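Contents: one structure, followed by commentary.
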Amino acid sequence: MAESIVPPAVSSPIGSAISPLTPLPLRAVLPWAVFVGTLMLVLLYFVGAEQGATSVFSGAGVHEWVHDGRHLLGFPCH
């Protein structure tokens with residue numbers, strides 16, 4: 001008679017010792033949130049308004065770099 005080979009039970013590396021997640025303090029998140037928000041506003045300006053009378057840089061260099069993104073986001077440019 002053939003013996004059946006049963007593999008031993010494999011225990012999970014996490015097991016039952018799952019520690020609860022601790023929330024991040026607002027002091028740690030707030031500077032990054034302000035940085036990302038400011039960066040998003042600057043990018044939105046360059047894509048949406050860097051042209052014509054509100055232009056910060058002269059010429060059409062910035063406009064050409066963000067031209068396709070401008071159309072993708074629905075901003076008119078010409």
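The values are calculated or read from the model by the stated rules, or taken from the named source; none is laboratory data. Here the structure is a predicted model, which is why all the values come from computation and not from measurement. Cβ coordinates were reconstructed from backbone atoms using ideal geometry, including for glycine residues, and neighbour counts include every protein chain displayed.
Return yes or no: is residue 17 exposed (fewer than 12 other Cβ atoms within 10 Å of the Cβ), aliphatic (A, V, I, L, M) and modelled with pLDDT under 80?
Numbers: exposed (fewer than 12 other Cβ atoms within 10 Å of the Cβ): yes; aliphatic (A, V, I, L, M): yes; modelled with pLDDT under 80: yes.
Taking the combined requirement at face value, the residue satisfies it.
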- Query: Limited to the range 48-72, what total is found for residues that are surrounded by 13 or more Cβ atoms within 10 Å (Cβ to Cβ) and over 22 Å from the mean Cα position of the chain (by Cα)?
  - Reply: 6
- Within the range 17-60, which residues are assigned to a loop (DSSP other than H, G, I, E, B) and polar (S, T, N, Q)? 19, 22, 51, 55, 58
- Note on the structure: Checked pairs for the range 51-64, first closer than 16 Å to residue 75 by Cα, second of a type in the set (A, V, I, L, M) and loosely packed, with under 10 Cβ neighbours inside 10 Å, C-beta under 9 Å and 6 or more apart or across chains, list as 62/56
